[in-house]
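Colleague: There's a structure below that I have some questions on.
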Amino acid sequence: MPRGLALIAHPHPLKGGSLDNKVAWTLARAALACGLVAVRPNFRGVGESSGAFDHGIGESEDLLALAASVASHYGTLLPWTLLGFSFGAYVQHRVARELHAERLVMVGPAVSMYEFEATNIPTTIIHGDQDEVIPFAAARDYAERHGIPLIAIAGTGHFFHGRLRDLQKHVEALTCP
C-alpha cells in the first residue's frame, strides 16, 4: 500500500519541458523511493496531450483535475506531496492553494519570471547556486521574504547537470518518513 501521492510538474512547455525532463524524472524517482505513487503528467499541449499553453492558469486547473481523479482511485486518506521544477514549481505553488497537500518542494522555481505569492503549506526550495536561468539571488530573496527553507546545491546550474543524485537525496530527505 502506498504511503502517499506525489504530483510532479515539469518545466516550461514552450521551452522543451515535458514529463521526460531529467529533473522531473529525478523528482519522480525520489517520490517512488519514499513509497509514494508518482504522478508525472505532461502539461496541456505537450506530447500527446491536447490544449494549448495557458501561462500556468490552465495548467494548474489540469493538475487539480488530475489530482481529483487520482484521489478517487486511491482514496482521500493518502496525503499529497507537490513537487515542481522551474515553471512547474510556479504551477505547483498555485495548485497548493487549492489542493490539500502535506508539503511543497520547489526545485529551481521560476521566481524571477512569474509572480510567486507566499505558500500556505510547508515548503522547501532546492536551487543550484550557479543557476543560469533563475538567479540564485532571486530564489534566496523569495525564500527569505516568505520564511521558506532554501537548500543550495553548490556548483550546479538550473538543470542540475552532474548533480541529479544530490538533488534526489535532498528530495528524499524531505519526503521520506
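The values are calculated or read from the model by the stated rules, or taken from the named source; none is laboratory data. Because the structure is a prediction, the values reported are computed rather than measured. Please note: Cβ atoms are built from the backbone with ideal geometry, for glycine as well, and neighbour counts cover all protein chains shown. The protein model used for the area step is the full one, side chains on, heavy atoms only, and it has no ligands, DNA or RNA in it. Shrake-Rupley method; radii C 1.70, N 1.55, O 1.52, S 1.80 Å.
Colleague: Could you list, ordered by first residue, the pairs with Cβ atoms under 6 Å in which the first is in segment 10-22 and within 20 Å of Arg163 (Cα to Cα) and the second is outside any loop (DSSP other than H, G, I, E, B), at least 6 apart or interchain?
Modeller: Cβ pairs passing all conditions: His10/Ala24; His10/Gly88; Pro11/Phe85; Pro11/Phe87; Pro11/Gly88.
Colleague: A further question on this structure: Please go through segment 120-137 and give me each residue that is in contact with a strand residue (DSSP E or B) (Cβ under 9 Å, 6 or more places away or on another chain) and either of a type in the set (Gly, Ala, Ser) or within 17 Å of Ile8 (Cβ to Cβ) (or both), ordered by number.
Modeller: Passing the criteria: Ile121, Thr123, Thr124, Ile125, Ile126, Gly128.
Colleague: Please list, ordered by first then second residue, the pairs with beta carbon atoms under 8 Å, 6 or more apart or interchain, first in segment 56-75 and farther than 13 Å from His100 by Cα, second surrounded by fewer than 19 Cβ atoms within 10 Å (Cβ to Cβ) and among the basic types (Lys, Arg).
Modeller: Gly58/Arg44; Glu59/Arg44; Asp62/Arg44
Colleague: Now for a different question. If you check Leu64 against the conditions, is it touching a His at 6+ places or on another chain (Cβ under 6 Å) and farther than 28 Å from Ala137 by Cβ? Talk me through it step by step, then tell me what you get.
Modeller: On the way: touching a His at 6+ places or on another chain (Cβ under 6 Å): no; farther than 28 Å from Ala137 by Cβ: yes.
In short, no.
Colleague: Filter segment 131-155 down to residues that are open to solvent by less than 40 Å² (accessible area, probe 1.4 Å) and in contact with a Leu (Cβ under 8 Å, 6 or more places away or on another chain), then give me how many there are.
Modeller: 3
Colleague: Let me ask another. Those residues that are open to solvent by 40 Å² or more (accessible area, probe 1.4 Å) and under 21 Å from Thr26 (Cα atoms), I need them from segment 99-121; list them, please.
Modeller: Result: Glu102, Arg103.
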